[in-house]
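Only one structure is covered here, and it is reproduced in the block below.
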Amino acid sequence: MSYNNIGQAPLEGKIISDGLEIAYLDWQPASEVYDNLLVLHPNGFCAGMFDPIADLLRENYRVIGVDLRGHGASQEVLDEADLGNDLMASDVLKVMGSLQVDTFSILGVSLGGAIAIEIAAIAPEKVKVLMLCEAIAMNFDSRKERAEFLEEKEHPLAVGARRRRSIWSDREEIQDSYGSRKPLEALEPSVLKAYIKWGFVDRDDGQVELACNPETEATIFGSRERYGPLSTFERLRDIKAETHILAGTQTDLGKVWFEQQAEEINTEVNWIEGGHFFFFEDLERSLSLIREYIG
C-alpha cells in the first residue's frame with residue numbers, strides 16, 4: 001500500500017447486498033498507523049460529499065464512506081419496504097466486512113446518524129466511537145406527534161424532495177443554483193463541489209442528473225410504515241460505544257429531539273454554531289470536532 005495518498009481520489013467499489021448494488025468510497029491512509037472511520041451521509045446526498053474532509057484526515061484515518069441504498073452510485077430503490085434504517089445498516093456492515101475492517105468509529109450526519117445508531121446497536125463489538133450530527137431519531141412523544149401529523153398530510157420535507165429538479169444542463173449550472181440558496185449555500189464551497197461531482201451522473205444527452213431519485217429521498221422523509229427514526233430511537237439504549245451527540249444552534253429541526261437522545265444515553269448535547277448541516281459548513285471546525293470527539 002502507498003502511504004502518499006493525500007490529494008488522491010478515493011478507491012471506488014461495490015458489493016451486492018440483498019440483491020442490490022451498494023457503492024462505497026475508500027480514502028486510503030497516508031501513514032502506516034491509522035484508525036478506521038466510517039462516514040455516513042444525509043438523506044438525498046452521497047458519500048462523496050465527505051471527500052474534502054476525508055482527504056484531510058488521511059494522516060490519521062482510513063476513511064470509508066458508503067452510498068446508502070438508493071443514493072449516489074448505489075442501486076436505485078423506490079419501494080418504501082426496502083428503505084428501512086435497519087436494511088441500510090445491514091448494507092453498510094456488509095461493505096465493512098467485505099473490506100475486512102473489523103473495528104471502526106462512525107461519523108453520521110442526519111440520516112447517516114440514524115444508520116450509525118443502528119450499526120452500533122447491531123454490532124457493538126465493531127464500533128469504537130459514535131459521533132452523531134443531528135441524527136434523525138425521535139422518542140415516543142415526538143413519534144406520536146409525527147404520526148398524527150402524517151395522518152393528515154404529507155411530510156413537508158417529502159413535498160420539497162419531490163420538487164427537486166432532477167436534470168441540469170451541466171454541473172456549473174447546479175453550482176450557481178445550489179450555491180445561492182438554502183440550505184446548501186451554507187456548505188463549505190469544496191463540500192458543495194464534491195457533492196455536485198459525486199451526487200450527479202452524466203447522461204447520454206450531455207446533461208447531468210441527480211444520482212438519488214427525488215422519490216427515494218421523499219419516501220424516506222415521509223415513511224409511515226417502514227423501520228425509520230421512530231424505531232431507531234429505541235436502539236439508543238442498546239449502544240455500548242462511546243457516543244457524542246451534536247446539533248446545530250440554528251437547526252430547523254426540533255431541538256428537543258437531540259436533548260431526548262442525549263437523555264436516553266445519559267449525556268449532554270454538544271451545540272455547534274450553524275444549521276442542520278453544520279458539520280459541512282467549516283472544514284477546519286469539522287476536523288477539530290473529529291479530533292475532539294473521535295480522537
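What number goes with the only condition from (1) over 26 Å from residue 209 (Cα atoms); (2) modelled with pLDDT under 95 that residue 34 does not pass?
With respect to (1) over 26 Å from residue 209 (Cα atoms); (2) modelled with pLDDT under 95, residue 34 is out only on (2).
Considering only segment 66-90, state which residues are in a loop (DSSP other than H, G, I, E, B) and crowded, with 24+ Cβ neighbours inside 10 Å. Reasoning before the result, please.
Here is the first cut: in segment 66-90, the ones in a loop (DSSP other than H, G, I, E, B) are 67-79, 83-84.
If the condition is that a residue be in a loop (DSSP other than H, G, I, E, B) and crowded, with 24+ Cβ neighbours inside 10 Å, then 67, 68, 69, 70, 71, 72, 74 are the ones that fit.
Taking the condition crowded, with 18+ Cβ neighbours inside 10 Å, touching a residue at least 40 places away in the same chain (Cβ under 8 Å) and over 17 Å from residue 137 (Cβ atoms), does residue 216 pass?
On the way: crowded, with 18+ Cβ neighbours inside 10 Å: yes; touching a residue at least 40 places away in the same chain (Cβ under 8 Å): yes; over 17 Å from residue 137 (Cβ atoms): yes.
Yes, satisfied.
I'm checking my understanding of the structure. Among residues of segment 9-46 that are of a type in the set (S, T, N, Q) and outside any loop (DSSP other than H, G, I, E, B), which one is nearest to residue 72 (Cα to Cα)? Break it down stepwise before answering.
Initially, segment 9-46 is screened for residues of a type in the set (S, T, N, Q), giving 17, 28, 31, 36, 43.
When the remaining residues are screened for being outside any loop (DSSP other than H, G, I, E, B), the result is 17, 36.
Values: 17: 16, 36: 22 Å.
Per the criteria, the residue is 17.
From the list 62, 69, pick out the single residue that is under 18 Å from residue 115 (Cα atoms) and among the basic types (Lys, Arg). Please lay out each step first, then the result.
Working: 62 fails: under 18 Å from residue 115 (Cα atoms).
None of the others qualify; the one that does is 69.
Name every residue in segment 230-241 that is crowded, with 17+ Cβ neighbours inside 10 Å and over 16 Å from the mean Cα position of the chain (by Cα), in order of residue number.
Let us first name the residues in segment 230-241 that are crowded, with 17+ Cβ neighbours inside 10 Å, namely 230-233, 235-236, 239, 241.
Correct list: 230, 231, 233, 235, 236, 239, 241.
Does residue 80 satisfy the criteria of being modelled with pLDDT under 95 and under 19 Å from the mean Cα position of the chain (by Cα)? If you could, list the steps in order and put the result at the bottom.
Values: modelled with pLDDT under 95: yes; under 19 Å from the mean Cα position of the chain (by Cα): yes.
Judged against the criteria, residue 80 is a match.
In this structure, does residue 63 turn out to be touching a residue at least 24 places away in the same chain (Cβ under 8 Å) and surrounded by fewer than 24 Cβ atoms within 10 Å (Cβ to Cβ)?
Values: touching a residue at least 24 places away in the same chain (Cβ under 8 Å): yes; surrounded by fewer than 24 Cβ atoms within 10 Å (Cβ to Cβ): no.
No; evaluated as a whole, the condition is false for this residue.
When residues of segment 253-286 are filtered for being on the phi > 0 side of the Ramachandran plot and either in contact (Cβ under 8 Å) with a residue 60 or more places away in the chain or surrounded by 20 or more Cβ atoms within 10 Å (Cβ to Cβ) (or both), how many remain? Even if it seems obvious, please write down each step before you answer.
First, pick out the residues of segment 253-286 that are on the phi > 0 side of the Ramachandran plot: 266, 274.
Those still in the list that are either in contact (Cβ under 8 Å) with a residue 60 or more places away in the chain or surrounded by 20 or more Cβ atoms within 10 Å (Cβ to Cβ) (or both) too: 274.
Final tally of qualifying residues: 1.
Just checking, does segment 178-192 include any residue being at pLDDT 90 or above and charged (D, E, K, R)? Let's see the steps before the verdict.
Step one: filter segment 178-192 for residues at pLDDT 90 or above, giving 178-180, 184-192.
Remaining after also requiring charged (D, E, K, R): 185, 188.
Looking through segment 178-192, at least one residue is at pLDDT 90 or above and charged (D, E, K, R).
Consider residue 149 carefully, then state whether it is in a helix (DSSP H, G or I), within 21 Å of the chain's Cα centre (by Cα), on the phi < 0 side of the Ramachandran plot and modelled with pLDDT under 95.
Numbers: in a helix (DSSP H, G or I): yes; within 21 Å of the chain's Cα centre (by Cα): no; on the phi < 0 side of the Ramachandran plot: yes; modelled with pLDDT under 95: yes.
When the stated conditions are applied, residue 149 does not pass them.
Does at least one position in segment 40-52 carry a residue that is hydrophobic (A, V, I, L, M, F, W, C), surrounded by fewer than 19 Cβ atoms within 10 Å (Cβ to Cβ) and modelled with pLDDT of 95 or more? Steps first, answer last, please.
Initial filter on segment 40-52 (hydrophobic (A, V, I, L, M, F, W, C)): 40, 45-47, 49-50.
Narrowing further to those that are surrounded by fewer than 19 Cβ atoms within 10 Å (Cβ to Cβ): none.
No, segment 40-52 contains no residue that is hydrophobic (A, V, I, L, M, F, W, C), surrounded by fewer than 19 Cβ atoms within 10 Å (Cβ to Cβ) and modelled with pLDDT of 95 or more.
The values are calculated or read from the model by the stated rules, or taken from the named source; none is laboratory data. The structure displayed is predicted, hence computed values, not measured ones. So basically every Cβ, Gly included, is an ideal-geometry build from the backbone, and we count neighbours across all protein chains shown.
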